[in-house]
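Trainee: Structure below; questions to follow.
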Amino acid sequence: MGVELPDANTFLEYYPEISRCLSCNTCTKACPQDIEEGVGVGPQL
């Protein structure tokens, strides 16, 4: 059984701020949990 990922509209509904992402990598640098942006929400768009 595979895992189905939500589409881009679902992500934008819950995280509208990602539509303003400039890919500046500040999220990765500032993350206290060391979560890389490349594994989070951004790549889903």
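Trainee: With LEU22, LEU12, LEU5 as the choices, which residue is at negative phi and either at pLDDT 85 or above or outside any loop (DSSP other than H, G, I, E, B) (or both)?
Mentor: Sole residue among the options that is at negative phi and either at pLDDT 85 or above or outside any loop (DSSP other than H, G, I, E, B) (or both): LEU12.
Trainee: Could you please tell me which pairs satisfy a Cβ distance under 9 Å, a separation of 6+ or placement on different chains, a first residue in the stretch 10-36 that is without any contact (Cβ under 8 Å) to a residue 40 or more places away in the chain, and a second residue that is part of a helix (DSSP H, G or I) and exposed (fewer than 12 other Cβ atoms within 10 Å of the Cβ)?
Mentor: Between residues of the stretch 10-36 that are without any contact (Cβ under 8 Å) to a residue 40 or more places away in the chain and residues that are part of a helix (DSSP H, G or I) and exposed (fewer than 12 other Cβ atoms within 10 Å of the Cβ), the close pairs are LEU12/SER19; THR28/GLY38.
Trainee: Next question, about the same structure. Taking GLU17, is it loosely packed, with under 11 Cβ neighbours inside 10 Å and either outside any loop (DSSP other than H, G, I, E, B) or modelled with pLDDT under 80 (or both)?
Mentor: Yes, satisfied.
Trainee: Kindly check whether there is at least one residue in the stretch 28-40 that is surrounded by 11 or more Cβ atoms within 10 Å (Cβ to Cβ), modelled with pLDDT of 80 or more and in a helix (DSSP H, G or I).
Mentor: No: the stretch 28-40 contains no residue that is surrounded by 11 or more Cβ atoms within 10 Å (Cβ to Cβ), modelled with pLDDT of 80 or more and in a helix (DSSP H, G or I).
The values are calculated or read from the model by the stated rules, or taken from the named source; none is laboratory data. Predicted model, so just to flag it, every value in this text is computed and none were measured. Quick reminder, even Gly has a Cβ in these numbers, built from the backbone with ideal geometry, and neighbours come from all protein chains shown.
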